[in-house]
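Scroll down for the structure; my scribbles are underneath it.
The values are calculated or read from the model by the stated rules, or taken from the named source; none is laboratory data. Model, not experiment: these values are computed from the prediction. Note that each Cβ is placed from the backbone with ideal geometry, even for glycine, and that neighbours are counted across all protein chains shown. When the accessible area is computed, the model is the full protein with side chains, heavy atoms only, and any ligands, DNA or RNA have been set aside. Shrake-Rupley method; radii C 1.70, N 1.55, O 1.52, S 1.80 Å.
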Amino acid sequence: MRYNTFPMPAPASHLLFTKLARPPAPRDWVDRPRLIEQLNRSLQQGSLTLVCASAGFGKSTLVSSWLDSLAVGRRVFPPPDSRGGVAPPLQAAWLSLDEGDSDLVVFLSYFVAAIRTVFPDSCAETLALLRSPNPIAQALLLVTLGNELQRLPGRAILVLDDYYMIRGQAVHDFLSELLRHWPQRLHLVLISRSNPP
């Protein structure tokens, strides 16, 4: 696969940190235990969970409620042993995407910022590359970020909300390549109105 090089501006001062805040579940939320069970199972079945439905179906609210349950511990299926099948709490990072994140540099800047809300000292090498004024090879970014995700100090979930807003093929290609060697410590959740390419 051929990778381009491109200039990397120093984006840290241009991040809108409210995009890293998980929306709270509303007070009148109707519990959906069957869907929560499916989300719990997805943690055991792979590295990626896709939550896909039309606008207004409560995708973000569902995932946010699920993360609330994970923060206090969760039942796992199948239970790991006969002592109740309760897994330890899981932390989660959240990123609400918009069309401006279709640029790979911007996307990766927010991606790293989201990870650092859970693991503040993580992805330092990737962050240094993103802040470099010199052109950086995409292949180097891919290897660096992949290695740093593998070295995360604990398990976590990363939610990319409104993924359908991403229009840049470079972002889709980068994420697809990263998923080929996705670390076991990080579970990715994509929330979208349409299937990603």
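For the reader, a short list of remarks on this structure follows.
- The residue that is surrounded by the most Cβ atoms within 10 Å (Cβ to Cβ), counting only those in the stretch 1-50 that are among the hydrophobic types (A, V, I, L, M, F, W, C), farther than 19 Å from Leu108 by Cβ and at pLDDT below 80, is Ala25.
- Of the numbered criteria (1) at pLDDT below 95; (2) not in a helix (DSSP H, G or I), the one Leu130 fails is (2).
- Here Gln184 meets the list (1) among the polar types (S, T, N, Q); (2) assigned to a helix (DSSP H, G or I); (3) open to solvent by 20 Å² or more (accessible area, probe 1.4 Å) almost entirely, failing just condition (2).
- Considered as a group, the residues in the stretch 108-127 that are in a loop (DSSP other than H, G, I, E, B) and open to solvent by less than 40 Å² (accessible area, probe 1.4 Å) include one that is nearest to Leu90 (Cα to Cα), and that residue is Phe119.
- Residue in the stretch 154-172 that is most open to solvent (accessible area, probe 1.4 Å), counting only those that are in a loop (DSSP other than H, G, I, E, B) and modelled with pLDDT under 95: Arg167
- Residues in the stretch 60-71 include at least one that is in a helix (DSSP H, G or I), exposed (fewer than 13 other Cβ atoms within 10 Å of the Cβ) and at pLDDT below 85.
- Val189 meets the stated requirement of being in contact (Cβ under 8 Å) with a residue 24 or more places away in the chain, under 19 Å from Leu20 (Cβ atoms) and part of a strand (DSSP E or B).
- Some residue of the stretch 92-101 being in contact (Cβ under 8 Å) with a residue 24 or more places away in the chain, in a loop (DSSP other than H, G, I, E, B), open to solvent by 20 Å² or more (accessible area, probe 1.4 Å) and on the phi < 0 side of the Ramachandran plot: yes
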